[in-house]
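Inspection log for the structure reproduced underneath, given as structure tokens.
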Amino acid sequence: MAVDVGLACLFVLLDTAATLAGGSWWPAHPGKLAWAMLALQALADASLVARRRAPILVIAILTGFTLLISLLISPAGLLTPAHAGNVWAPYGTVLAAYGPFYYCKGRRTAFAAVGMMTLISARVWEPAVGVITVAVLRTAVGPLVALYFNARHEMLQALRDRAERAERERHLLAEQARAEERARLAGEMHDVVTHRVSLMVLQAGALGITATDEATRQAAGELRAAGVQALDELRDLVGILRTEPEDDQAPATSGLAELVAESTAVGTPAELVEQGDPALASPVVGRTAYRIVREALTNVRKHAPGAQVVVRVSYDESQVRVSVRNTVAAAPPDRSLAATGSGVGLASLRQRIELVHGTLRAAGTPDGGFCLEATMPSYVPTAEPAV
């Protein structure tokens, strides 16, 4: 605002000085009308204060003043300029012509407004090469500068978007490399250790069958049980380390309706509300949204049986928002079922969401229920494996 006030004052002084110096419409022998029009010109220049908020209005004011001066000179003959070959439009028209092209979205309106101002400033009804040339140059400076700055801004924004996407892709590629390494280590450990422990279990079982004394059979049974337990624990550990390629092919946003239907079928009423176009979400974001809803519905079934669930998913060009909200439980949770979880579901989910530069919020609601909310960028590039 201070910049606009300063520029308006500058053009008020510039046009006043230029007019009094004979650079515009000022007559050789000014009267009361000339001084009144000089004051009106200063007020027209002062309208430049609103050039950002109402650029078309500023152009209309300055164009109207120029037309009024032109009519008072000819055909009214109430003013007689000392230099008839000057351009009578104020210098403020240079800055006014800049506004519509930089601050308005409608280019047609901008061209129409500046075009009308150019025609009146050039006094096309009294064609003169010098007047037309100066008027066109004066009103063309603003639009050209505005178009330059618009193009520069769009180019910088495109470069910033490209840099952000490159950073996300680099992050995803690094995460993919770590996941592949974990999968390789998990596979090697599974192949080597499982083979040896399986042999131990088989040998212990055979020993338990062929042993003649009770002590040996009991020791073989205990050894076999320990081996089986070790295999179960190994399977769980490998499940944590190993990536799940089948999950990468899991349904994206198209599978949300099926998740909600399954939840309703097993006694947890759920409703799905989608807003926007699901196609705006890139594949990795869609799969993450699917995992969020799946984890949330699983937790509701475990910890809040009978609760009403509302799943809301909204899509726009910049973000995807997922919200799963449930009411208070209708019955006490089954302790044995609630204890089957690993306890790291939300933590793993948060890591997945942060991987795509999203945020997760999980908290209780005032009515005693629970709410899980996630916000993710709509576009996250998917790293393609090298061929």
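Were the residues from His357 through Thr133 laid out at 0.36 nm apart, the gain over their Cα-Cα distance would be 75.1 nm.
Here the relative contact order of the chain, from alpha carbon pairs under 8 Å that lie six or more residues apart, stands at 11 percent.
When the chain is treated as a GNM with alpha-carbon contacts under 10 Å, the residue of Gly358, Gly31, Gly255 showing the greatest mean-square fluctuation is Gly31.
Note on the chain: with charges restricted to the Cβ of Lys and Arg (+1) and Asp and Glu (-1), its dipole about the Cα centre is near 1620 debye. Here's how it looks for Ala82: its modeled amide H is under 5 Å from those of Trp26, Ala28, which are all 5 or more places away or on a different chain. Take the Cβ-Cβ distance between Gln229 and Leu185 as r, set R0 to 22 Å, and report the resulting FRET efficiency rounded to the nearest 0.05. So the FRET efficiency works out to roughly 0.50. The alpha-carbon positions of segment 53-185 define a convex hull whose volume is 116 Å³ per residue.
Spin-label model, Phe149/Asp213: points 7 Å from Cα along the beta carbon direction are separated by 9.8 nm. Leu10 contributes about 100 Å² of solvent-accessible surface, heavy atoms of the protein only, 1.4 Å probe. Between the amide H of Ala270 and those of Thr264, Val309, distances stay under 5 Å, these residues lying 5 or more places away or on another chain, with hydrogens modeled in the peptide plane. Sorting the segments 113-119, 203-209 by their mean number of nearby beta carbons within 10 angstrom, highest to lowest, gives 113-119, 203-209.
If you take the square roots of the eigenvalues of the alpha-carbon gyration tensor of the chain and sort them as a ≥ b ≥ c, do you get rounded (a/c under 1.5), prolate (a/b over b/c) or oblate? Note, shape of the chain comes out prolate. What is segment 119-184 by shape, rounded, prolate or oblate, if you read a ≥ b ≥ c off the alpha carbon gyration tensor as root eigenvalues and call it rounded for a/c under 1.5, prolate for a/b larger than b/c, and oblate otherwise? Note, shape of segment 119-184 comes out prolate.
Per residue of segment 272-287, what does 6.51 cos²θ - 1.76 cosθ + 1.60 with θ = phi - 60° give for ³J(HN,Hα)? Whole Hz please, x for Gly and Pro, Karplus curve as stated. Karplus-based 3J(HN,Hα) across segment 272-287 equals 10, 10, 10, 10, x, 9, x, 5, 6, 7, 5, x, 5, 5, x, 5 Hz.
Each of Ala270, Val293, Ala151 was scored by the projection of its Cα onto the charge dipole of the chain, and the greatest displacement toward the positive side belongs to Ala151; charges sit on the C-beta of Lys, Arg, Asp and Glu.
Axis angle, to the nearest 10 degrees, between helix 214-241 and the longest C-alpha principal axis of the chain: 10 degrees.
The values are calculated or read from the model by the stated rules, or taken from the named source; none is laboratory data. Model, not experiment: these values are computed from the prediction. Glycine gets a Cβ as well: all are built from the backbone with ideal geometry, and neighbour counts include every protein chain shown. What goes into the accessible areas is simple: the full protein's heavy atoms, side chains included, and nothing from ligands, DNA or RNA. Shrake-Rupley method; radii C 1.70, N 1.55, O 1.52, S 1.80 Å.
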